[in-house]
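S.K.: Structure below; questions to follow.
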Amino acid sequence: MTPNRRTLLHAGVGVTATLASATLSGQSSGAHDSRSPEPLLANDAESRAAAAQDFGHIVDRRPRAVCKPATGGEVADIVRWAKAQGLKVAARGQGHAIYGRAMAEDGIVMDLGMLATIHRIEPDRVVVDAGATWHKVLDATLAKGLVPLVLTNYLDLSVGGTLAVGGIGGSSSRHGFQTDQVLELDVVTGEGVELTCSPTSHPELFDAVRAGLAQCAIIVRATLRLMRAPERVRRFQLSYPDLASLTADQRRVLEEARFDQLQGAVVPDGTGGWRYQLEAGVFYDGKMPPDDGALLAGLVDKRETVSDLTFGEDANAFAKLEKILRANGQWLNPHPWLLTYLPGSNALKIASDVIAELSSDDLGPFGRITYYPMFTDVCRTPLLRLPDERVVFPFNLIRIPASADRANAERLVMRNRELYERLRSAGGVLYPVSAFPMSPNDWADHFGVRWSLLREAKERHDPAGHLTPGYELF
Ligand SMILES: Cc1cc2nc3c(=O)[nH]c(=O)nc-3n(C[C@H](O)[C@H](O)[C@H](O)COP(=O)(O)OP(=O)(O)OC[C@H]3O[C@@H](n4cnc5c(N)ncnc54)[C@H](O)[C@@H]3O)c2cc1C
């Protein structure tokens, strides 16, 4: 039987017994009260074990119970109830965090998979529930000839999950982060209060929620900016002999705005060395593709690979790698990733030094180092921290070990910590979806001048400090 929300009640368990005595908003807490969260909680071993894991497969923190709310009201009920019980709460979208960030040891994990309705699509915006995946959002909007301005490379991430951290993708060099393309958010604060926030309504909460690591509120619904969908994407993969020539051409095409999407990577070449790749796409409509000669004029690479795809095919390209990794078991191995941004002024030097010390085993045969430039003036989310320069480089060690060896994963987590300290002292900044422990002092340092924005919003909207303990921020 497909588990129904209302069949998740597990009789005789501690959680529900405690719950029966809880009073929500002054209402009766009778078992069939529509505002009571009681039937939403599951504390069977299977549900708890699933919520104690994430894509990282490094951290294991078992919650006391898991719930699957289907409305904002249910989210609010659970948050208020958990607060009254002194329990921590973590929202979970698709569980692709990699270091326990959506976990709550002995608390409540709120799985938002049932909160996934696409409510409305208008010419310039879509209104979606936060548990919807970007895949679902794209399918719905594409059907109307529209697309979000920024998509992540992998689409099976939830809207709430990426808005909690930022959300970067191929078009970020043009349009910033997904958090920059949000028009409005419906949220439930740590106090269990339902609020709508935007640049004009509760703007301080709006700024604290986007890329705010789920510290002040749980996102229930988001209104996201849309643009007309390009019909096709002409995609280029250019190869370079070394990092310096790759960097030079990446900078050139960024400055000249030659492409609609710009990324790049350093990948193991299978013989112990590296391949240096520029990855870019141009959107076009109609039958006439853009002039490849003009797009590639003056660039170093002469062995380009060109493909011509629909927008949907291009956006789903990561699915091929996912299929391979699921088939060979590496999707379920530990993933000790390190994601950072380097200042444009010294990115080449820092990246070269780090890569020189890496072996292909540190990444795994399907791993890669993401490396490309982007402008910062299009990134306006206050809590999304970047080096204070006009151009920065995402520099990500996407480690996909070939084995599930725990000791190796732990070694790489420690290595991430060392690298983080080194990159930070060279002006680098963390993308907080990385696998290594951070202290509250590290976080204060990370948020820098914006730390007070987050701390004050936390004091105001989650004074009990019970939301999202996994980052260990406060
Ligand atoms: C294969 C893979 C590819 C990726 N590619 C990209 C990429 O291209 N670009 C990019 O930016 N990132 C990428 N990421 C990182 C990813 O964006 C983050 O890890 C994201 O947080 C995961 O989303 P999720 O839905 O799985 O969230 P979860 O892992 O479920 O949660 C992550 C965090 O978000 C919080 N959260 C979840 N839902 C909500 C909500 N509704 N309200 C408030 N907080 C919430 C959780 O509490 C937790 O702290 C990738 C990760 C993986 C594993």
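S.K.: Give me the pairs, please: first residue somewhere in segment 67-96 and among the aromatic types (Phe, Trp, Tyr), second residue anywhere and assigned to a helix (DSSP H, G or I), beta-carbon distance under 8 Å, and either six or more positions apart or on two chains.
M.R.: Here the result reads Trp81/Leu19, each pair linking segment 67-96 to a residue that is assigned to a helix (DSSP H, G or I).
S.K.: Only one residue in Ala315, Ala327 is within 16 Å of the ligand (Cβ to nearest atom), open to solvent by 10 Å² or more (accessible area, probe 1.4 Å) and under 17 Å from Gly170 (Cα atoms), so which one is that? First the steps, then the outcome.
M.R.: Working: Ala327 fails: under 17 Å from Gly170 (Cα atoms).
Checking each option against the conditions leaves just Ala315.
S.K.: Where residues in segment 162-174 are in contact with a strand residue (DSSP E or B) (Cβ under 9 Å, 6 or more places away or on another chain) and within 13 Å of the ligand (Cβ to nearest atom), which of them is nearest to Ala464 (Cα to Cα)?
M.R.: Within segment 162-174, the subset in contact with a strand residue (DSSP E or B) (Cβ under 9 Å, 6 or more places away or on another chain) is 163-164, 168-174.
Filter again for within 13 Å of the ligand (Cβ to nearest atom), leaving 163-164, 168-172.
Values: Leu163: 23, Ala164: 20, Ile168: 31, Gly169: 35, Gly170: 38, Ser171: 38, Ser172: 36 Å.
In this case the residue turns out to be Ala164.
S.K.: Still on this model: What is the number of the single condition among (1) within 14 Å of the ligand (Cβ to nearest atom); (2) open to solvent by 50 Å² or more (accessible area, probe 1.4 Å); (3) under 25 Å from Met438 (Cα atoms) that Asp106 does not meet?
M.R.: Status for Asp106: all satisfied but (1).
S.K.: Being without any contact (Cβ under 8 Å) to a residue 60 or more places away in the chain, more than 11 Å from the ligand (Cβ to nearest atom), within 18 Å of Thr381 (Cβ to Cβ) and part of a loop (DSSP other than H, G, I, E, B): is that true of Thr200 here?
M.R.: Values: without any contact (Cβ under 8 Å) to a residue 60 or more places away in the chain: yes; more than 11 Å from the ligand (Cβ to nearest atom): yes; within 18 Å of Thr381 (Cβ to Cβ): yes; part of a loop (DSSP other than H, G, I, E, B): yes.
So Thr200 passes the test.
S.K.: Report, by residue number, each residue of segment 349-378 that is surrounded by fewer than 21 Cβ atoms within 10 Å (Cβ to Cβ), farther than 22 Å from Glu418 by Cα and touching a residue at least 40 places away in the same chain (Cβ under 8 Å).
M.R.: Result: Pro365, Phe366, Phe375, Val378.
S.K.: Please identify the pairs in which a residue from segment 253-278 that is over 15 Å from Asn396 (Cβ atoms) and open to solvent by less than 10 Å² (accessible area, probe 1.4 Å) has its Cβ atom under 6 Å from the Cβ atom of a residue that is assigned to a strand (DSSP E or B) and not aliphatic (A, V, I, L, M), counting only partners at least 6 apart or on another chain.
M.R.: Leu278/Gly264
S.K.: Need the failing condition index for Ile219 against (1) free of Cβ contacts under 8 Å to residues at least 24 places away in the same chain; (2) under 21 Å from the mean Cα position of the chain (by Cα); (3) open to solvent by 10 Å² or more (accessible area, probe 1.4 Å), just the number.
M.R.: (1)
S.K.: Related question: Of the conditions (1) in a helix (DSSP H, G or I); (2) under 25 Å from Phe55 (Cβ atoms); (3) open to solvent by 10 Å² or more (accessible area, probe 1.4 Å), Val433 clears all except one; give me its number.
M.R.: Failed condition: (1).
S.K.: Continuing with this model, one more query. Of everything in segment 228-242 that's within 27 Å of the chain's Cα centre (by Cα) and open to solvent by 10 Å² or more (accessible area, probe 1.4 Å), which residue is farthest from Leu149 (Cα to Cα)?
M.R.: Checking each candidate, the answer is Gln237.
S.K.: Next question, about the same structure. How about segment 209-239: which of its residues are small (Gly, Ala, Ser) and within 16 Å of the ligand (Cβ to nearest atom)? Steps first, answer last, please.
M.R.: First, the residues of segment 209-239 that are small (Gly, Ala, Ser): 211-212, 214, 217, 222, 229, 239.
Ala211, Gly212, Ala214, Ala217, Ala222, listed by residue number.
S.K.: Does Arg225 meet the test of being within 30 Å of Gly264 (Cβ to Cβ), part of a helix (DSSP H, G or I) and either open to solvent by 20 Å² or more (accessible area, probe 1.4 Å) or among the hydrophobic types (A, V, I, L, M, F, W, C) (or both)? Steps first, please.
M.R.: Details: within 30 Å of Gly264 (Cβ to Cβ): yes; part of a helix (DSSP H, G or I): no; either open to solvent by 20 Å² or more (accessible area, probe 1.4 Å) or among the hydrophobic types (A, V, I, L, M, F, W, C) (or both): yes.
The answer is no for Arg225.
S.K.: Just to be sure I understand, how many residues within segment 137-161 are open to solvent by 10 Å² or more (accessible area, probe 1.4 Å) and within 12 Å of the ligand (Cβ to nearest atom)? Outline the logic, then answer.
M.R.: Residues of segment 137-161 that are open to solvent by 10 Å² or more (accessible area, probe 1.4 Å), as a first pass: 139-140, 142-146, 149, 151-154, 156-157, 160-161.
So of that shortlist, the ones also within 12 Å of the ligand (Cβ to nearest atom) come out as 151-154, 156-157, 160-161.
Number satisfying all stated conditions: 8.
S.K.: Ala404 - would you say it is over 23 Å from Tyr276 (Cα atoms), in contact (Cβ under 8 Å) with a residue 24 or more places away in the chain and small (Gly, Ala, Ser)?
M.R.: Details: over 23 Å from Tyr276 (Cα atoms): yes; in contact (Cβ under 8 Å) with a residue 24 or more places away in the chain: yes; small (Gly, Ala, Ser): yes.
In short, yes.
S.K.: If you don't mind, another one. From Ile400, Ile369, grab the single residue that is in a loop (DSSP other than H, G, I, E, B), within 16 Å of the ligand (Cβ to nearest atom) and within 28 Å of Trp331 (Cα to Cα).
M.R.: Numbers: Ile369 fails: in a loop (DSSP other than H, G, I, E, B).
Going through Ile400, Ile369 in turn, just one is in a loop (DSSP other than H, G, I, E, B), within 16 Å of the ligand (Cβ to nearest atom) and within 28 Å of Trp331 (Cα to Cα): Ile400.
The values are calculated or read from the model by the stated rules, or taken from the named source; none is laboratory data. None of these values were measured; they are calculated from a predicted model. FYI the Cβ positions are ideal-geometry reconstructions off the backbone, even for glycines, and counts take in every protein chain you see. The area values use the complete protein model at the heavy-atom level, side chains included, leaving out ligands, DNA and RNA. Shrake-Rupley method; radii C 1.70, N 1.55, O 1.52, S 1.80 Å.
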